[in-house]
Amino acid sequence: QVQTSVPSIGGLHHIGLTVCDIESSEAWYTRVLGLTRAFVEPHHGGGTGYAVVLHRPGSPLFLGLDKHEANQGHRFEESRTGLDHVAFHVTDRSELDAWVEHFDQLGVPHSGIKAFSEPFPFAVVVFRDPDNIQLELIWQ
């Protein structure tokens, strides 16, 4: 039987990222992206480990940093099955300039602002977290 409609989705609720060193990752995301700790919770469904859930005040953004006891400390590689990157939207093109200045003050390596016209006009700054997870700030 062919489904004629797909149920609705209200938007992205949160992102969970497995990290090697949860304390240093929390410190980095707090310092670099202005996130604050919302709460800590055990992993649901059993198993070991926990998540530190961070929130960007004044926004709907929640980001979970997950600690798994089985994690052997391998750095992230987007060429493996799973996550490729995470992109955060900014509302004004000028915000990318402010982010580049912020990154430069903190010594966070980044791509600089790259502007594109295809498939639609947008500009992006690419950077990586301590586990090598590719993050982007994008204006469209």
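The values are calculated or read from the model by the stated rules, or taken from the named source; none is laboratory data. The structure displayed is predicted, hence computed values, not measured ones. FYI the Cβ positions are ideal-geometry reconstructions off the backbone, even for glycines, and counts take in every protein chain you see. Only protein heavy atoms, including side chains, enter the accessible area calculation; ligands, DNA and RNA are left aside. Shrake-Rupley method; radii C 1.70, N 1.55, O 1.52, S 1.80 Å.
Residue-normalised convex hull volume from the C-alpha trace of region 1-87: 166 Å³ per residue.
Take the Cβ atoms of residue 30 and residue 93, set R0 to 35 Å, and the FRET efficiency comes out at 0.85. Put the Cα centre of region 1-65 next to the Cα centre of region 90-117 and the gap is 23 Å. Between residue 114 and residue 128, the modelled labels are 1.4 nm apart [label points 7 Å from Cα along Cα→Cβ]. In this label model, residue 81 and residue 8 are separated by 3.4 nm, measuring between points 7 Å along each Cα→Cβ vector.
Grab the Cα-Cα distance for residue 39 and residue 69, subtract it from 0.36 nm times how many residues apart they are, and report the gain in nm with one decimal.
Details: separation 30, 0.36 × 30 = 10.80 nm, distance 1.94 nm.
Going from the current span to full extension adds 8.9 nm.
The modelled label-to-label distance for the pair residue 21/residue 105, using points 7 Å beyond Cα in the direction of Cβ, is 2.5 nm.
The antiparallel fraction among DSSP beta bridges confined to the chain stands at about 75%. On the chain, 55 percent of the accessible area sits on carbon and sulfur atoms, based on a 1.4 Å probe. A 1.4 Å probe run over region 1-106, with the rest of the protein chains in place, finds 68 Å² accessible per residue. Its DSSP H runs of at least 4 residues, each contributing -39,500 (n - 2.57), put the calculated 222 nm mean residue ellipticity of the chain at -6000 deg cm²/dmol, to the nearest 500.
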